Each structure stands twice: as structure tokens, then as C-alpha cells.
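First comes the structure, then the notes that go with it.
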Amino acid sequence: MGHKNPEFDLPLFGDYVLTFNKSTVLMLVITALVVFLIAFISTRSLKLKPTGMQNFMEWVMDFVKGIIKSNMDWKTGGRFHILGLTLIMFIAVANLLGLPFSIVYKDYLWWKSPTADPTVTLTLAVMVTLLAHYYGIKMHGTGGYAKTTYLKPMWWMFPLKVIEEFANTLTLGLRLYGNIYAGEILIGLIAGIAGTGLLGWVSMVIPALAWQGFSIFIGFIQAFIFTMLTMVYLAHKVSHDH
Amino acid sequence: MLVNDLVLGASGNFNGGDAVATLATFIILMLLLKKFAWGPLMGIMQQREELVASEIEAAEKARKETHQLLEEQKSLLKEARTEAQAIVEGAKKQGDVQRDEIISAARAEAARLKEAAVREIENEKEKAIAAVREEVVSLSVLAASKVLGKEISEEDNSALIKETIAKAGEAK
């Protein structure tokens, strides 16, 4: 909200410059670290009779397996298990990271949800779309892929199908971004009011609690939706009966 | 700038570097997790699945085996029962036969004994009668000799008298 982004320009070749948002990169790395630590620590002493965190990780695995199985048969979908697992964990953690606080240092916004940045979410969405097309070609061959992706159910729907691909990608990324960004904006507003004085603080305690709780819920739901839609798009390209 | 604001919201320009960073972070995270977390976890889940499957199979096998053993035991029991019945029946029959044998033997023995007794009695009677006859003869001879007063040789007359008495016995 009016905070500047700490940007870093990496000149590549000619006059093309690759711009990094240092806070986004930082938060991405923190997210990845948190996810890795959770997964790594909870799978250290694996037992046939699972206890504690292993139970949780196995539940997550089965959950993602269920998502995949609801879209395609396990024989084709099994290869996306790890992708789905990483996606759901990464996005859920990314969504939650911005909730407890945000850090603004010298007017630069450093701590936020990485998924509150459209570049991040759209990158993930584009990655999913490209993967879907890649697997479509791999499973059906180029001809079969073109036919199932663009000419079905009717050949004259070709323009619509092309638009659909872009629309899917855009909505997949922007849905996540919009939810999380809006959540952070509202938290920022509430915090801003709470900072105005005693009256503001008293009046905002309950809304802040409520909105944070709701944001936790939304964070998980959006992670689930992103993973679910990923599998839906993959299934559209991969399975034979679509 | 205006387009950027409209499309991507208020968070700033589109940064190519962020896209690269996102992709790189995500892919590295995925590979690391695959190696250190998901792989082993999937392995252990697979292992458990196999264990459960094999346990179920073993239980099924044991159940079948038990069933078979039970059947076997049942048939054995049945066999033993019929055998026992046969034995009892045989024993009963044998007992019957033996009883009959014993009874008939006893009967035969009794008959033999009776017959022997009858014969003995007959013999004795015969003997007694002969003795009585002898006595009668000698008494008669004695009486006759006394009556006649004349010595008659006992040998000569005894034959005569015996004959007479035999005649008298037959006539009786």
C-alpha cells in the first residue's frame, strides 16, 4: 500500500535489463526453506507405523492423491503427484507467511506473501500451462495433442479454445494473487486503523482477529484450488476421453 | 505504467527477474523435496501397502488352511465314529454268536450228562436186577434143595432155573 519495492536491476545483454524485486525473491526463498524444513523434518524417522508429523505428511500425500484421482486415473496421474504435493505445500505456506505481520523498512516493503505478487502467481500458472501442453504432446503425439486441445468437441471452436488456454492461465494466476493480495490489503487497512490510537485499537481487535482467521482459511483454500485446477488442466490435456 | 497498474494491480511493474526466481525456487524446491522428503515417504507408504497386502494374503491363506484342517478333522472324526460303531456292532454280533455257542454247548453238555446219567441208571438197574435174579436163583435153589432134601448140583440146576426165571421175566 504505497510502499516501494526494493528492486534490483541485472543488466543482461544490450539494453535488456532483468529486474528483480528483492523482497519477492527473499520471501520465495523463505517459503521454500519453510516448506523444505517441514517436509524434511517430518520425514526423518520414517516408520511403517507412522507417528506425529509423518502422519500429517502422509495425510497431505493422500489428499493430493485424492485430488489427482478425482481428475484422472492414477496410472497417468501418478507422475504429477510430486508436482501437486510441492504446489500445495508451497502455495499454502506462501499464503500464510504474509499473515502474521508485514515488515516495512525505510518505506520499502520487505515481508509479505510471495503470492501477493502477480508475477509469482502468473509464473506458476504459466508453468502449469506449459507442463500441461508438454504432457499433452508427450502422451498424444503432436497431431493428437492438436486435435484434442484445439479441435474438440467441434472444429469451429478453435478460436475459443485458443482463448481458453490464455484465459485458464490468467485466471489461475490472478485468482490466487487477487485473494492473497486483497487479504493483505485488508489486514494492512485494519492495522492502519488500529494504529491510530486507543479507540482505533479497541475497535479493530475483533475485525483483525476475524480477518486473520479468515485469511488462514483462504490461504489453505487457495492452495487447494490452485492444485485442483492444475490437475484439471493437466487431465484435460493428458487423458483420452476429453 | 498505467497499463501495468490496471492489469497487475498496485504492486508494481512486471519483473522478469521475479518470474525467473519463482521458477527456479519452485523447481529447486521440488527436486530437493523429491530427493529428501517425498521419495522416502512414498517408499515407506509403498512398503506399508505391500506389507498390508502380504499380511492380508497370509491371513487368507491361514484361513483357508484352517478350513481345510477343520474339514480334515471332521472327516477323520466321522471315520472314527463309523469305525467305532462298526467295532461295537461287530463285538455285539460276536457276543451274540458266542452266547449262542455257549448256550448250545451247555445244552449239549447237559444232554450228554443226562444221557450218561440215564445210562448209568439203566446199568445200575440192570445190574441190580441181575443181582436180584442171582439172589433169587440161589435162594430158589436153596429153597428147592431144602424142599427136595436132596442135593442137587448147583451148577446143573442153576442154568435150568435161570431159564425159567428169564421166561417168567419175559412173560411179565
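Rule-based calculations on the coordinates, nothing more; no lab input. In this text, all values refer to a predicted model and were calculated from it rather than measured experimentally. Note that each Cβ is placed from the backbone with ideal geometry, even for glycine, and that neighbours are counted across all protein chains shown.
Taking a ≥ b ≥ c as the square roots of the eigenvalues of the alpha-carbon gyration tensor, segment A:1-152 is classed oblate because a/c is 1.5 or more while a/b is no larger than b/c. Computed from Cα atoms, the angle from the helix B:39-148 axis to the main principal axis of chain B rounds to 0 degrees. Rounded to whole Å, the principal axis extents of the Cα atoms in chain B read 200, 28, 16, largest first. In terms of other Cβ atoms within 10 Å, A:K75, A:K22 run from fewest to most in the order A:K75, A:K22. Each of B:E115, A:E184 was scored by other Cβ atoms within 10 Å of its Cβ. Arranged with the fewest first, they read B:E115, A:E184. Whole-percent P(r), segment A:151-242, all Cα pairs, 5 Å bins from 0: 3, 11, 15, 15, 12, 10, 9, 7, 6, 5, 3, 2, 1, 0.
Computed from Cα atoms, the angle from the helix B:154-171 axis to the main principal axis of chain B rounds to 60 degrees.
Structural descriptor for chain A: relative contact order 25 percent, calculated from alpha carbon pairs under 8 angstrom and at least 6 residues apart. Running Debye on the protein assembly as shown with equal point scatterers at the Cα sites and no solvent, what base-10 log of I(q)/I(0) appears at q = 0.07, 0.14 Å⁻¹? Values, matching the q order: -0.58, -1.29. The distance separating the Cα centre of segment B:23-48 from that of segment A:1-75 comes to 12 Å. When you restrict to C-alpha pairs under 8 Å that are six or more residues apart and normalise by the size of segment B:2-171, the relative contact order lands at 8 percent.
Largest mean-square fluctuation among B:G43, B:G17, B:G90, in a Gaussian network model of chain B whose springs join Cα atoms under 10 Å apart, belongs to B:G17. With neighbours defined as other Cβ atoms within 10 Å of a residue's Cβ, the residues B:D18, A:D62 order from fewest to most as A:D62, B:D18. Its DSSP H runs of at least 4 residues, each contributing -39,500 (n - 2.57), put the calculated 222 nm mean residue ellipticity of chain B at -33000 deg cm²/dmol, to the nearest 500.
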